[in-house]
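Read-outs throughout are calculated quantities, based only on the coordinates presented, and are distinct from any laboratory measurement. Since the structure is predicted, the reported quantities are computational estimates derived from the model, not experimental observations. Cβ placement follows ideal geometry from the backbone for every residue including glycine, while neighbour counts extend to all protein chains displayed.
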Amino acid sequence: MKISREDVLRVAQLAHLDLAPEEVETYRGQLDEILGYIGKLQELDVSNVEPMTQMRPRSTHGESGASASGAELELRDDVVVPCTVADAVLAEAPDAAKPFFRVPKVIER
Amino acid sequence: MSATTPWTIATVRDALLTKKTSARELANDFYTRIERRNPELNAFLALCPERAYAQADRVDAAVAKGKPLPPLAGVPVAIKDVISTQGVRTTCGSKILENYTPPYDATAIERLENAGAVILGKTNCDEFAMGSSNENSAYGAVRNPAALDRVPGGSSGGSAAAVAAGLSVVALGTDTGGSIRQPGAYCGIPALMPTYGRVSRYGLIAFASSLDRIGPFATNINDAATVMSIIAGHDSNDSTSASVSVPDYLAEMEKPVTGLRIGVPEDYFGEGLDPEVKAKVQAGIALLEKLGCRRVPLKMPHTDYAIATYYVVATAEASSNLARYDGVRFGLRVQGSTLMDMYRKTRERGFGPEVKRRIMLGTYALSSGYYDAYYLRAQKVRSLIARDFSNAFEKVDAILTPTAPIPAFKLGEKTADPLQMYLADIYTVTGSLAGIPGISVPCGKTAAGLPIGMQIFASHFGEARILQLARAFEKAGGFAI
């Protein structure tokens, strides 16, 4: 497959990147080469393979005792606790108007 | 201490208890070394002497009162600049966070300081931990203390260089596809990537959330094990941290290795492996056999697909995680006429070329019409790679491989070709994708004096097994084989 300039511009738009004209061609060539390499994944038959959507070892594959050792997801109690970092967080904002972040106007009229 | 004997956690403790030095003097001594060496190495991006001396004074007060000292009392440590430190600038090696000061400490930082550690400062790294050479830092490359014209490895190159050059006793790095182990190998020091979920990531600035881990650099296995015993364990602030009890690593690592089955996958010794690296790692494996380990040949047939899988999964997750840098809440803002214009200008100016490249790759892999062919397929191949490991661990207790196919390369040598740079991660990304722990230990040097690393993998939560083999290897002189 070949990556076109239009592909690069489409992806840059999705990713909110405002590429300079000279960057477009550089990235086009590089993405083309890298995606060409990644194309080797098509060689494998994965029709009966489940995607790895979570990182905890699964006992069904017989990992040596990992599940037996208790690698279970632990959820904390759903209790509301005070969070007092708002001022510290806003202090890092490029433009804050307490208690808000200020941004360019988004609503017309 | 003489110039040739590095400080260790044990010698620091001994010097404090026998009052040969104070924690304050020691911190001062390390800052003097940093002042002397850092202009050349560029390992540190920021120092925090106020915080360090305040902590050192607390340690000295405890010594004066004869109080029992915590395990890391007075030990100077360096922290990779992707880990949040309250009140200390944390840039991730990026211009987009040039002036960012986190409002809180990462759990790993809190645990180190509660154990008495003295945090000296923040270390240089590839921007957002994306890179294998440290050349992607917005603040300049780090030089390898073992060969100044060469890279220290990446992305935790600053942490590795700091420890290798004696500018810090231990350091924290992060590993997503090899970013602890590979710089450990290139700089000639032990470097441990723990199991996914072993160490809390609360306060770690995310790159790829299904891969990122925090782990230690040290000059010896005892120190690596000591740091692990402090930072490992469940944290209610990180829902991905595991509630698995933490073994006594220092006791476990001294157990004899006789009878352990060590797997050697032939897939890791093929084309592209430097002959000098191959010879040394084979000598390292032979040494473990001499110590009573049993060698088991392995086949891990999906190894060859690991790089392609990794660069889909990691970039997809990165494109999502890095969406937060938009100029609204923290970091750089470049003014724009509209909100969208502001986002785009901020990100264009703030991110470096490698980060943009990965954001675009990941965005592409997740975009409508390509998701199944790239992201979903990569997640399936990831299952196959994980299965290679789980099958192997039914037959062996650990897996031994080279850490990297080549020793440290020259600065600038690979920057023009991103794909060639990615391919150098071949032996480390497999374990990252599988979620298992791995260490790189020094395994001799090339004829030109460049450090070589040998990698030891174990199954999930098998850090004790890794440390046990690494410790036996160290005691038998394997580091200088």
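Things worth noting here:
- Here the extension length gained between residue A:9 and residue A:108 equals 33.0 nm, from 0.36 nm per residue of separation less the Cα-Cα distance.
- Label zone of residue A:81 (point 7 Å out along Cα→Cβ, amide N under 20 Å): in the range B:226-244 this covers B:231-244.
- Charge dipole magnitude, Cβ of K and R +1, D and E -1 - the range B:78-133, Cα centre, debye nearest 20: 40 debye
- For the pair the range B:310-370 / the range B:432-481, the C-alpha centres are spaced 36 Å from each other.
- Sorted peptide list for B:211-217, A:26-32, B:303-309, criterion being average Cβ within 10 angstrom, highest first: B:211-217, B:303-309, A:26-32
- Under the convention that each Lys and Arg Cβ holds +1 and each Asp and Glu Cβ holds -1, the size of the dipole of the protein assembly as shown around its Cα centre is about 720 debye.
- Most positive-pole-ward Cα, B:209, B:142, B:112, against dipole of the range B:9-247 from beta carbon charges: B:112
- Estimated from helices alone, the mean residue ellipticity of chain B at 222 nm is -11500 deg cm²/dmol (sum of -39500 (n - 2.57) over DSSP H runs with n ≥ 4, per residue).
- Unit charges on C-beta of K, R, D, E only; dipole of the range B:366-481, Debye: 100 debye
- Trypsin sites (Lys or Arg not before Pro) restricted to DSSP loop in the range B:359-428 with at most 14 other C-beta within 10 Å: B:395
- Global geometry of the range B:350-479, whether rounded, prolate or oblate, following the gyration tensor of its Cα atoms and the 1.5 cut on a/c: oblate
- Each peptide in B:245-256, B:223-234 was scored by the mean count of other Cβ atoms within 10 Å over its residues; highest first, the order is B:223-234, B:245-256.
- Oblate is the label for the range B:1-118. Its Cα gyration tensor axes, ordered a ≥ b ≥ c, give a/c of at least 1.5 and b/c at or above a/b.
- Cβ-defined net charge surrounding residue B:122, 12 Å radius [Lys, Arg +1; Asp, Glu -1]: +2
- Remark: the range B:121-129, residue by residue, has Karplus-estimated 3J(HN,Hα) of x, 10, 9, 5, 7, 4, 3, 6, 6 Hz, where x stands for each Gly or Pro and the curve is 6.51 cos²θ - 1.76 cosθ + 1.60 at θ = phi - 60°.
- Estimated inter-spin distance, residue B:278 and residue B:10, nm [label 7 Å along Cα→Cβ]: 3.7 nm
- Under 5 Å from the amide H of residue A:18 lie the amide H atoms of B:348, each residue being 5 or more positions distant or on a separate chain, with H modelled from the backbone and absent for Pro and chain starts.
- Full extension of the chain segment joining residue B:252 with residue B:406 gains 52.2 nm, where the gain is 0.36 nm per residue of separation less the Cα-Cα distance.
- Separation of the range B:3-49 and the range B:243-265, taken as the distance between their Cα centroids, equals 31 angstrom.
- 12 Å beta-carbon shell around residue B:161, net charge (K/R +1, D/E -1): +3
- Counting every other Cβ atom within 10 Å of each residue's Cβ, B:269, B:351 order from fewest to most as B:269, B:351.
- For the range B:116-244, the relative contact order works out to 20 percent when only alpha carbon pairs closer than 8 Å and six or more residues apart are counted.
- Within the straight-line cut-off of under 23 Å between alpha carbons, the lysines reachable from residue A:105 are B:345, sequence neighbours fewer than 8 places apart in one chain being disregarded.
- Taking the C-alpha atoms of the range B:9-247, convex hull volume expressed per residue in Å³: 110 Å³
- Inter-chain Cβ neighbour average for residues A:31-40, partner chain, 10 Å: 6
- Average Cα contact separation per residue, chain B, under 8 Å, 6 or more apart, as relative contact order %: 17 percent
- Placed amide H near residue B:150: partners under 5 Å, 5+ positions off or other chain: B:144, B:411
- Estimated distance in nm for a label pair at residue B:35 and residue B:286, the labels positioned 7 Å out from Cα along Cα-to-Cβ: 4.9 nm
- At full extension, residue B:237 and residue B:266 could sit 6.4 nm farther apart than now, given 0.36 nm per residue minus the alpha carbon distance.
- Taking other C-beta atoms within 10 angstrom as a stand-in for reagent exposure, B:393, B:128, B:409 fall in the order B:409, B:393, B:128, fewest first.
- Estimated Rh, chain B: Kirkwood, alpha-carbon pairs, angstrom: 22.2 Å
- Residue-wise HN-Hα couplings along the range B:410-426, as the Karplus relation 6.51 cos²θ - 1.76 cosθ + 1.60 with θ = phi - 60° gives them from phi, are 6, 4, x, 5, 10, 5, 7, 10, x, 5, 4, 5, 4, 5, 6, 8, 3 Hz; Gly and Pro carry x.
- Remark: mean inter-chain Cβ contacts per residue of A:83-92 equal 3, using a 10 Å Cβ-Cβ cutoff to other protein chain atoms.
- Gyration tensor verdict on the range B:177-313 (Cα atoms; rounded if a/c is under 1.5, prolate if a/b is larger than b/c, oblate otherwise): oblate
- 5 angstrom amide H check on residue B:438, placed H, neighbours 5+ away: B:193
- Nearest-0.05 FRET efficiency for residue B:86 and residue B:58, computed from C-beta distance (R0 25 Å): 0.95
- Between the residues B:231, B:360, B:390, the greatest Cα displacement towards the positive end of the dipole of the protein assembly as shown, with unit charges on the Cβ of Lys, Arg, Asp and Glu, is found for B:231.
- Total formal charge among the other residues, if their Cβ is under 10 angstrom from that of residue B:311, Lys/Arg +1 and Asp/Glu -1: 0
- For B:100, B:186, B:202, the sequence from fewest to most other C-beta atoms within 10 Å is B:100, B:202, B:186.
- Shielding by partners, peptide B:347-355 (average Cβ within 10 angstrom, other chains): 2
- Mean separation of Cα contacts under 8 Å (6+ apart) over length of the range B:417-479, as relative contact order %: 29 percent
- Here the 3J(HN,Hα) profile of the range B:241-258, calculated from phi with Karplus coefficients 6.51, -1.76 and 1.60 at θ = phi - 60°, is 7, 8, 8, 10, 4, 9, x, 7, 4, 5, 7, 4, 6, 8, 5, x, 9, 3 Hz, Gly and Pro shown as x.
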